Amino acid sequence: MVKLHSVYMPPRDELMPELENLLYSGYIAEGPKVKEFEETFSNFIRIPSYAVSSCTAALHLALILSGVGPGDEVVSTPMTAEPTNVAIHMAGARVRWADVDPTTGNVTPQSVDEAVTENTKAILVVHYGGIPVQKIYDSTLPGVFVIEDCAHALGSEGIGWGDIQSWSFQAIKHFTTGGEGGMLSNRMVLDESQIRSLRWFGIDREKSRTTVDVKEHGWKYNMTDVQATFGLAAMRHLPQNIKRIKSNGWILEQALSRVPGLQVYQSGGHVPSYLFYTVLAERRDDLAKKLTEAGIGCGQVHRRNDEHTVFAYAKRELPGLDEYWKHMLHIPCGWWLGEQDLDYIERTIKSGW
Ligand SMILES: Cc1ncc(COP(=O)(O)O)c(C=O)c1O
């Protein structure tokens, strides 16, 4: 079986002593390990970052920090996991769909431009599957923040250009902080103390608890030292895992670029840090059946979000998404794949479907 998703666990002899030390240290909530993890992650992506309990929490806070509230619209993509768009409702706002490029599943600057209205308060883009969304600064309005949902794209080049980024360390992402976890990053505009407050009821834990003033309420979105200990151990192996993902992606790109009835992303050598690899196939369901029968994990992974009842009010024509949705199939590409797996995927696809 070649798995489509896998959970990365750091070597037992590294993780367990660190975890055990922490668990019996008498301090397991948010503390020095979270700080160390934030610093490590910030250095890795080169953007100041703040640890939170999930990417959904980061998205919610990113929207709040962008000034999004009831009555506002957020331009977003329907081709994503539900949390991207549920977070918009959590902030009290409504979604407005931008169409996607039928070859990548990503929104384009043009599709965002078309979707923007006078009620637009933020733009939320997703680097779907790890493929970077083209920078859309030129298409934005003054005062409208661009939030990047980077849950699929840790390690991809060409991301991090927006105002705020959200990251996921849920179980099957590039690495995990023990099942759940996330990060919010921001290069310049926001007040650090406000971010720290919003993730903990409205209180900045760095200030004195007995004199601090809660000026606006926040949420219980902080990370614990237990999660951060997982994260620190996993991050030591992250560069080599990302390298492996990219080299697997490059091998698949070379192998599958000229297969009749199949189309793959042309990276031009800037291989994304794919969370999964996407092929666009004629008679996609037949290919999916063939791969499944051969023991190769594959699937569409997410349902296009515009089909959910909760977003019915936002329904509109999305011809780019219709095309992408008809042909797209996600296949494995992760750090857990070896040469034999890649060769098996190539041979199975090339034998026809
Ligand atoms: C694109 C995308 N955004 C956001 C999320 C939410 O991440 P989390 O589970 O860390 O809240 C996910 C989770 O799968 C995702 O795939």
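How many residues are in a loop (DSSP other than H, G, I, E, B), open to solvent by 50 Å² or more (accessible area, probe 1.4 Å) and closer than 22 Å to residue 263 by Cα when one looks only at segment 333-353?
So the answer is 2.
Please enumerate the residues belonging to segment 110-128 that are open to solvent by less than 20 Å² (accessible area, probe 1.4 Å) and farther than 18 Å from residue 275 by Cα.
Within segment 110-128, 111, 112, 115, 120, 122, 123, 124 qualify.
So residue 8 fits all but one of (1) in contact (Cβ under 8 Å) with a residue 60 or more places away in the chain; (2) hydroxyl-bearing (Ser, Thr, Tyr); (3) over 13 Å from residue 230 (Cα atoms); what number is the exception?
Unmet for residue 8, out of (1) in contact (Cβ under 8 Å) with a residue 60 or more places away in the chain; (2) hydroxyl-bearing (Ser, Thr, Tyr); (3) over 13 Å from residue 230 (Cα atoms): (3).
Test residue 299 against the stated conditions and say whether it is surrounded by fewer than 20 Cβ atoms within 10 Å (Cβ to Cβ), within 24 Å of the chain's Cα centre (by Cα) and without any contact (Cβ under 8 Å) to a residue 24 or more places away in the chain.
Taking the combined requirement at face value, the residue does not satisfy it.
Mind telling me which of the residues 64, 131, 88 ends up being of a type outside the set (Lys, Arg), over 15 Å from the mean Cα position of the chain (by Cα) and surrounded by 21 or more Cβ atoms within 10 Å (Cβ to Cβ)?
Checking each option against the conditions leaves just 88.
Given (1) touching a residue at least 40 places away in the same chain (Cβ under 8 Å); (2) within 16 Å of the ligand (Cβ to nearest atom), where does residue 157 come up short, assuming only one miss?
Status for residue 157: all satisfied but (2).
Would you check which residues across segment 15-42 are over 16 Å from residue 205 (Cβ atoms) and aromatic (Phe, Trp, Tyr) and list them?
Matches in segment 15-42: 24, 41.
Could you tell me which of the residues 175, 230, 201 is at positive phi and aromatic (Phe, Trp, Tyr)?
Checking each option against the conditions leaves just 201.
Looking only at helices (runs of 4 or more DSSP H) that lie completely in segment 31-145, which have at least 2 residues being within 16 Å of the ligand (Cβ to nearest atom)?
Of the helices (runs of 4 or more DSSP H) lying wholly inside segment 31-145, those with at least 2 residues that are within 16 Å of the ligand (Cβ to nearest atom) span 32-45, 55-65, 82-90.
From the list 212, 226, 259, 271, which one is modelled with pLDDT of 95 or more, farther than 30 Å from residue 179 by Cβ and among the β-branched types (Val, Ile, Thr)?
After ruling out the rest, the residue left standing is 259.
If I filter segment 319-332 for residues that are modelled with pLDDT of 95 or more, surrounded by fewer than 20 Cβ atoms within 10 Å (Cβ to Cβ) and not in a helix (DSSP H, G or I), do I get at least one hit?
The answer is no, given that none of the residues of segment 319-332 is modelled with pLDDT of 95 or more, surrounded by fewer than 20 Cβ atoms within 10 Å (Cβ to Cβ) and not in a helix (DSSP H, G or I).
Of the residues 281, 255, 294, 288, only one is open to solvent by less than 10 Å² (accessible area, probe 1.4 Å) and over 30 Å from residue 93 (Cα atoms); which?
So the residue among 281, 255, 294, 288 that is open to solvent by less than 10 Å² (accessible area, probe 1.4 Å) and over 30 Å from residue 93 (Cα atoms) is 281.
Can residue 102 be described as open to solvent by 10 Å² or more (accessible area, probe 1.4 Å) and within 30 Å of residue 281 (Cβ to Cβ)?
yes
Out of all the residues in segment 209-220, is one or more closer than 19 Å to residue 129 by Cα and either open to solvent by 30 Å² or more (accessible area, probe 1.4 Å) or in contact with a Lys or Arg (Cβ under 6 Å, 6 or more places away or on another chain) (or both)?
Scanning segment 209-220, I find no residue that is closer than 19 Å to residue 129 by Cα and either open to solvent by 30 Å² or more (accessible area, probe 1.4 Å) or in contact with a Lys or Arg (Cβ under 6 Å, 6 or more places away or on another chain) (or both), so the answer is no.
Based on what the data block shows, is residue 171 touching a Pro at 6+ places or on another chain (Cβ under 6 Å) and either surrounded by 16 or more Cβ atoms within 10 Å (Cβ to Cβ) or under 27 Å from residue 80 (Cβ atoms) (or both)?
No.
Test residue 202 against the stated conditions and say whether it is closer than 21 Å to residue 265 by Cα and of a type in the set (Gly, Ala, Ser).
no
Note down all Cβ pairs under 7 Å where the first residue falls in segment 81-110 and is of a type in the set (D, E, K, R), the second is modelled with pLDDT under 95 and within 15 Å of the ligand (Cβ to nearest atom), and they're at least six residues apart or on different chains.
Here the result reads none, with nothing in segment 81-110 linked to a residue that is modelled with pLDDT under 95 and within 15 Å of the ligand (Cβ to nearest atom).
Could you check segment 274-308 and list, in sequence order, the residues that are farther than 16 Å from residue 342 by Cα and within 16 Å of the ligand (Cβ to nearest atom)?
Passing the criteria: 299, 300, 301, 302, 303, 304, 305, 306, 308.
The values are calculated or read from the model by the stated rules, or taken from the named source; none is laboratory data. All of these numbers come straight from a predicted model, not from anything done at the bench. In this analysis, Cβ positions are derived from the backbone assuming ideal geometry, glycine residues included, and neighbour counts consider all displayed protein chains. The accessibility values were calculated without ligands, DNA or RNA, using every heavy atom of the protein model including side chains. Shrake-Rupley method; radii C 1.70, N 1.55, O 1.52, S 1.80 Å.
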